[in-house]
């Protein structure tokens, strides 16, 4: 399992580079990211979270850990060089967490749907409307590529209530 960086680590806020191509090294990284996502009990993982400042993330909104045969529900998706090209004007709230912010959860308002372009791990181009939970997770992971965490999107009052946890995480990264 790859090490997941936590809040306060400066690598989470560094600029991220687009991939120019995909080769064996990138495919191995994608495979390791997918396995790390599953092992960490996450639904998404962005390259900056593992200290790789690349514009890439993986997610799986279909995986059901509680299914009789959970591995049969795996449906990982790979997003390379994603761009949000349109956002719905309708926002929806949802309780979010993050592998880089262990034990921190907060309600985050996000557009209910977005149009996104990206390449997959076969280097094929996609231009799709994402809705519902898929849209939310993709936006959350996309934020990592833009040097943002979900706590950057919450109310000031909620952020103040989380201050002790955030301070502890930040101090653990010094």
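Scan region 72-87 and tell me whether some residue there is part of a strand (DSSP E or B) and within 30 Å of residue 167 (Cβ to Cβ). No: zero hits.
Within region 144-174, the residues that satisfy the criterion of being in contact with a helix residue (DSSP H, G or I) (Cβ under 7 Å, 6 or more places away or on another chain) and without any contact (Cβ under 8 Å) to a residue 60 or more places away in the chain are 150, 159, 162. When residue 165 is tested against (1) under 27 Å from residue 35 (Cα atoms); (2) surrounded by 13 or more Cβ atoms within 10 Å (Cβ to Cβ), just one condition goes unmet, and that condition is (1). For region 92-106, the criterion of being modelled with pLDDT of 95 or more and more than 27 Å from residue 158 (Cα to Cα) is met by no residue. When residue 88 is tested against the conditions (1) within 19 Å of residue 157 (Cα to Cα); (2) in contact with a strand residue (DSSP E or B) (Cβ under 9 Å, 6 or more places away or on another chain), the lone failure is (1).
Considered as a group, the residues in region 61-85 that are free of Cβ contacts under 8 Å to residues at least 24 places away in the same chain, surrounded by 12 or more Cβ atoms within 10 Å (Cβ to Cβ) and within 22 Å of residue 122 (Cα to Cα) include one that is nearest to the chain's Cα centre (by Cα), and that residue is 62. Quick check on my filter: what residues within region 31-60 are assigned to a helix (DSSP H, G or I), farther than 20 Å from residue 146 by Cβ and touching a residue at least 40 places away in the same chain (Cβ under 8 Å)? Listed by number, the list holds a single entry, 34. Taking region 124-153 as the range and being buried (at least 19 other Cβ atoms within 10 Å of the Cβ) and assigned to a loop (DSSP other than H, G, I, E, B) as the test, only 149 passes.
With respect to the conditions (1) more than 24 Å from residue 169 (Cα to Cα); (2) out of contact with any helix residue (DSSP H, G or I) (no Cβ under 9 Å at 6 or more places or on another chain); (3) assigned to a loop (DSSP other than H, G, I, E, B); (4) at pLDDT 95 or above, residue 28 lacks only one, and its number is (3).
The values are calculated or read from the model by the stated rules, or taken from the named source; none is laboratory data. The structure presented is a predicted model; accordingly, all values stated were derived computationally and were not measured. Here the Cβ is made from the backbone with ideal geometry for all residues, glycine too, and neighbour counts use every protein chain on show.
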